[in-house]
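What follows is one structure encoded as structure tokens, with my remarks underneath.
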Amino acid sequence: MKKMFILLLPVLLLFSGCIEIVEEITINADQSGTASFYMDLGSLGSLASSLGGNYLKGTMLDSLKKLPEMTAGILKNIKGLSNIVPVTNKKGLYSVSFDFKNSKQLNAALYKLFGVKKKFYEPNYIRVSNHKIRKKNYAPILRLFINKFKDKISDVGLLKSIAYKSVINLPSPAKRCSNKKATFSTDKKTVEYKCTLEELLTSGTNIGNKIKY
């Protein structure tokens, strides 16, 4: 995920339309599940054309196309992960997904994607237990990465157009959650949280959550 933000942010800041970076986690009744990280950059092609066709060719565009495969390569050495699927298609969808048997494997994957070596005393990003999910607020980590590019941002207003979205799909309806800005689907089996990169940078945005289902 660290590498994802480092590669993506300079390109995302060129867009005026709304773009979402989505983290979606589906939890099964036995606490196994599937995690997906994706973005739809379908407008990238039209942007490149409007800038002269070859503006992004051979540089950031190629890096974006390689990102899913590169991410899958990082994940393949994590014991217990399966069905690791990278996707890059002509419509501009970039994604990687994988299955995990428990939250320990999921956390190993997240630490790997953040480029951080987990120490024994460090907390899990996500903890799944009997009818409970606890997601750590790792907004401060994202802020550190994004702030590295502040000098490249000519129009801070563009950060309003780039969104981070967390989606958690549950095996049964949610009873409650701690994050007051999170929303529920009609059947309460999906909990979503969304904020802009501007909010991540300029406020004490909390992307953590405690969900009881």
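FYI, it's all coordinate maths here, none of it is from the lab. Since the model is a prediction, treat every value here as computed from it, not as a measurement. Reconstructed Cβ throughout: ideal geometry from the backbone, glycine too, with neighbour counts over all protein chains shown.
Some observations on this one:
- Contact order, relative form, for the stretch 73-136: 25 percent (alpha carbon pairs under 8 Å, 6 or more residues apart, mean separation divided by residue count).
- Filter on K132/K175; K76/K104; K79/K132; K104/K194 - keep pairs with C-alpha separation over 21 Å: K79/K132; K104/K194
- Put in line by how crowded their Cβ is, counting other Cβ atoms within 10 Å and starting with the fewest, M70, M39 read M70, M39.
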